[in-house]
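The numbers here are math on the coordinates, done by the rules we state, and not lab data. What you see is a predicted model; the values in this text were computed from it and never measured. Neighbour counts run over all protein chains shown; Cβ positions are idealised from the backbone, glycine included.
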């Protein structure tokens, strides 16, 4: 079975540019999570969806960040405009049933110059 | 709100030896789950082991086992016969039961296995 698929694996862009990170959850999973990992703050939950509906976005740092899940097999995390402090590894994770562990994608390493 | 604390930022162990990573958590919940995830240099987050709080028996997965002390709110990971491939960051995580499958992570412990 394919795992959680994230793209791109690496992204380098200049500040002020729009960045879009993509995630395909495991087929049949109806919970999807976006995390940010930095040395200073560790792993932070940004937002999560259940059945394509955002349930908790309290971790989204600013209005520059937005996330969508237009269907059960695709989600995006967008940063516009990007800033150097947004540089981090962004993970997507999914899980299929209540009380089950999350399965993570390989992450996107984002560098904002 | 729950908090998870990993008090050992870094540890090292000789190959084939045993090492124990510590994790404590704070919660007022009675029903929850605890996990250990491994993040090797490749950056993947890999589930190592899982423990249900309502089970008294400690979980075991091959060379990995936990010591779950519910009253003390402690959840340590023991790695036996350490291998070079065990070199990674290890994260302890808490999940409240029936709460959207959200995880609260500790800050991580960097484990180096030396040949």
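Got a sec? How would A:10, A:103 order by Cβ neighbour count within 10 Å, fewest to most?
Working: A:10 10, A:103 19.
Result, fewest neighbours first: A:10, A:103.
For residue B:30 paired with residue B:57, estimate the spin-label separation in nm (one decimal), with each label point 7 Å from Cα along the Cα-to-Cβ line.
So the label points at residue B:30 and residue B:57 sit 2.3 nm apart.
If you rank B:105, A:104 by fewest surrounding Cβ atoms within 10 Å, what's the result?
Values: B:105 20, A:104 23.
By the 10 Å Cβ count, ascending: B:105, A:104.
Given 10 °C and 1.306 mPa s, compute D for the protein assembly as shown with the Stokes-Einstein relation, Rh being the Kirkwood radius over Cα pairs; round to the nearest whole µm²/s. Could the numbers behind the result be given before it?
On the way: Rh = 18.2 Å.
Estimated via Stokes-Einstein, D reaches 87 µm²/s.
For the ranges A:43-53, A:25-35, what's the packing order if you count other beta-carbon atoms within 10 Å of each residue, average per peptide, and put the highest first? Don't skip to the end; give the middle numbers.
Working: A:43-53: 17.9, A:25-35: 20.9.
Ranking, from highest mean packing down: A:25-35, A:43-53.
Using 0.36 nm per residue, how much length does the chain from residue A:71 to residue A:55 gain when fully extended, once their Cα-Cα distance is taken away? Please report the intermediate quantities before stating the final value.
Numbers: separation 16, 0.36 × 16 = 5.76 nm, distance 1.50 nm.
Full-extension gain reported as 4.3 nm.
Using only the Cα atoms, work out Rg/Rh for chain B, with Rh taken as the Kirkwood radius, to two decimals. Don't skip to the end; give the middle numbers.
Numbers: Rg = 13.6 Å, Rh = 14.2 Å.
Result: Rg/Rh = 0.96.
In whole angstrom, and with the biggest value first, how far do the Cα coordinates of the stretch A:1-73 range along each principal axis?
For the stretch A:1-73, the Cα spread along each principal axis is 36, 25, 24 Å.
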